[in-house]
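Enquirer: One structure coming up, written as structure tokens, with questions to follow.
The values are calculated or read from the model by the stated rules, or taken from the named source; none is laboratory data. This structure is a prediction, so every number in the text was calculated from the model and none was measured. Positions of Cβ are backbone-derived with ideal geometry, glycine not excepted, and every protein chain shown enters the neighbour counts. Calculation scope for accessible area: heavy atoms of the full protein, side chains included, ligands and nucleic acids excluded. Shrake-Rupley method; radii C 1.70, N 1.55, O 1.52, S 1.80 Å.
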Amino acid sequence: MKNTDLLARSLAAVWHPCTQMKRHESFPLIPIARAQGAWLYDVDGKRYLDAVSSWWVNLFGHGEPRIKAAISQQMDSLEHVMLAGFTHQPVVELSERLATLTGLGHAFYGSDGASAIEVALKMSVHYWRNLGQPQKNRFIYLENSYHGETAGALSVTDVPIFRAAYAPLVRENFCVMNPDARQATAAETAVDVADRALQSLEATLAEHHQDIAALILEPLVQGAAGMAMYDARYLQKARVLCDRYQIHLICDEIAVGFGRTGSMFAYEQAKIRPDFLCLSKGITGGFLPLAVVLSSDEIYAAFYHDDINRAFLHSHSYTGNPLACAAALAVLDIFENDDVIQKNLEKAQRWDALFLPLATHPKLKNYRRTGMIWAFDVIDAAPGFAQRFFAAALEQELLLRPIGNTVYFMPPYCLSDAEAAHLLAGTMAALDAVENVISEFVDAAVA
């Protein structure tokens, strides 16, 4: 089979996500046949460095043998059993280990990030209902936030292209200023921006806290906002405000959990603990779908009752799937056995020096890093920049998907120094290629 054969079949049969399918009349899909480590290989044998970890899920690269072995071993005993009325060793062990890591217990499982968000939102509202405060059923979310594309998740998402078409299905909640450090004036620091954002949060809480169940946010980095990075002070003070006004704090660590920000979980850097923690993406190292919501013992206790109406009756058919739990346990083993957090810190420091040409590039601004996430913004990016850069990066054997005018790296942790150098060289070449195309277009228009 060739690329063209699989491409034609896919266009005839598959509705691809986050895509205007008509664009593929002129910009072909990339048919991937296999993957290993940081690399993807198409059907014709061309390779691409997966610098975004395939939508931020492949923590340790493709084909990690220890995760594969764990899944294979689990297949020999139990591939699946419903978790309503039954249990099994992988889900119990995973729940215990996550509780030890976070101090939050009673893990509730789903299959993807959006389902985790739905669970946390419903749990928060139901908690207040069980406590005799049913009016507390709305939420606060940050400007430019993204928490998924199911109806509840969209109600706390501030990205119009995802949300606007479904407005009749989406309940309005309260949107407050985000602490994105790029908003700093010449006289401000990231802490100053965080303080301004906290004023917005407190004003909304002061006026509406009687109706608010929870504040939801992505700790330290808002991914779909263009890798908006902010100071941990915001998390510290937000926790204080949530306690003062008696609302829950939901930390969406679907993208930023499992070492991505430099600690196992991003909220740890603020020395706080959320009421709900949502995890997915990297939890299985990119091998299988899995999501989990961890909650405080106080929240769990509010549902523990003889009355069935006080129970949390949300469910998924594949909740706590044994194969996915086995993969997640292997991921936790790798973190522990390979000292991943410390090694990532050392890699990030080396690559900061390597990526210096991006930090000083005259066409770029806001070069920034949190943990194993790098990002920068292209100055005066023309309309369609993201698509053109994506195409130019593919020509350089790179998978990079800009968010608007923001180019970011979120590579798998297995990336080597040589591969990081390839990433830099390919990115620079792609930037030059896009700039040349724009210059030629402008020259032709003037002529």
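Enquirer: Could you please find all residues in the range 192-240 being open to solvent by less than 10 Å² (accessible area, probe 1.4 Å), without any contact (Cβ under 8 Å) to a residue 60 or more places away in the chain and outside any helix (DSSP H, G or I)?
Expert: Hit for the range 192-240 is Pro219, nothing else.
Enquirer: Do we have Phe139 as without any contact (Cβ under 8 Å) to a residue 24 or more places away in the chain, within 16 Å of Asp252 (Cβ to Cβ), aromatic (Phe, Trp, Tyr) and not in a loop (DSSP other than H, G, I, E, B) here?
Expert: Judged against the criteria, Phe139 is not a match.
Enquirer: Please work out if Tyr127 is hydroxyl-bearing (Ser, Thr, Tyr) and crowded, with 18+ Cβ neighbours inside 10 Å.
Expert: Taking the combined requirement at face value, the residue satisfies it.
Enquirer: In addition: Determine which member of the set Gly148, Gly113, Gly152, Gly105 is modelled with pLDDT under 95 and open to solvent by less than 30 Å² (accessible area, probe 1.4 Å).
Expert: The match here is Gly105.
Enquirer: Moving on. Go through (1) closer than 29 Å to Thr261 by Cβ; (2) touching a strand residue (DSSP E or B) at 6+ places or on another chain (Cβ under 9 Å) and name the single condition Ala327 misses.
Expert: Here Ala327 clears every test but (2).
Enquirer: Grab the strands (runs of 3 or more DSSP E) fully contained in the range 1-87, keeping just those with 3 or more residues being open to solvent by 30 Å² or more (accessible area, probe 1.4 Å).
Expert: 32-36
Enquirer: Inside the range 308-336, can you point out the residues that are among the polar types (S, T, N, Q) and in a helix (DSSP H, G or I)?
Expert: Asn309
Enquirer: Taking the range 230-274 as the region of interest, how many residues are touching a Cys at 6+ places or on another chain (Cβ under 8 Å) and of a type in the set (D, E, K, R)?
Expert: Counting residues in the range 230-274 that are touching a Cys at 6+ places or on another chain (Cβ under 8 Å) and of a type in the set (D, E, K, R) gives 2.
Enquirer: Here's a check for you: in the range 126-137, which residue that is of a type outside the set (S, T, N, Q) and farther than 13 Å from Gln246 by Cα is farthest from the chain's Cα centre (by Cα)?
Expert: Within the range 126-137, the match that is farthest from the chain's Cα centre (by Cα) is Gly132.
Enquirer: Residue under question is Asp243, and the condition is that it be open to solvent by 20 Å² or more (accessible area, probe 1.4 Å), over 23 Å from the mean Cα position of the chain (by Cα) and not basic (Lys, Arg); does it hold?
Expert: yes
Enquirer: I'd like the residue in the range 288-301 that is open to solvent by 10 Å² or more (accessible area, probe 1.4 Å) and touching a residue at least 40 places away in the same chain (Cβ under 8 Å) and, out of all such residues, is nearest to His126 (Cα to Cα).
Expert: In this case the residue turns out to be Tyr300.
Enquirer: Please work out if Pro357 is under 30 Å from Phe287 (Cβ atoms), in contact (Cβ under 8 Å) with a residue 60 or more places away in the chain and either within 24 Å of the chain's Cα centre (by Cα) or not in a loop (DSSP other than H, G, I, E, B) (or both).
Expert: no
Enquirer: Quick check, is Ile308 over 30 Å from Pro65 (Cβ atoms) and of a type in the set (A, V, I, L, M)?
Expert: Criteria met by Ile308.
Enquirer: Mind listing whichever residues of the range 157-179 are surrounded by 16 or more Cβ atoms within 10 Å (Cβ to Cβ) and either polar (S, T, N, Q) or assigned to a helix (DSSP H, G or I) (or both)?
Expert: Within the range 157-179, Thr157, Phe162, Arg163, Asn173, Asn178 meet the criteria.
Enquirer: Checking His62 against (1) within 15 Å of Val293 (Cα to Cα); (2) in contact with a strand residue (DSSP E or B) (Cβ under 8 Å, 6 or more places away or on another chain); (3) not β-branched (Val, Ile, Thr): exactly one of these is not met. Which one?
Expert: The number of the failed condition is (1).
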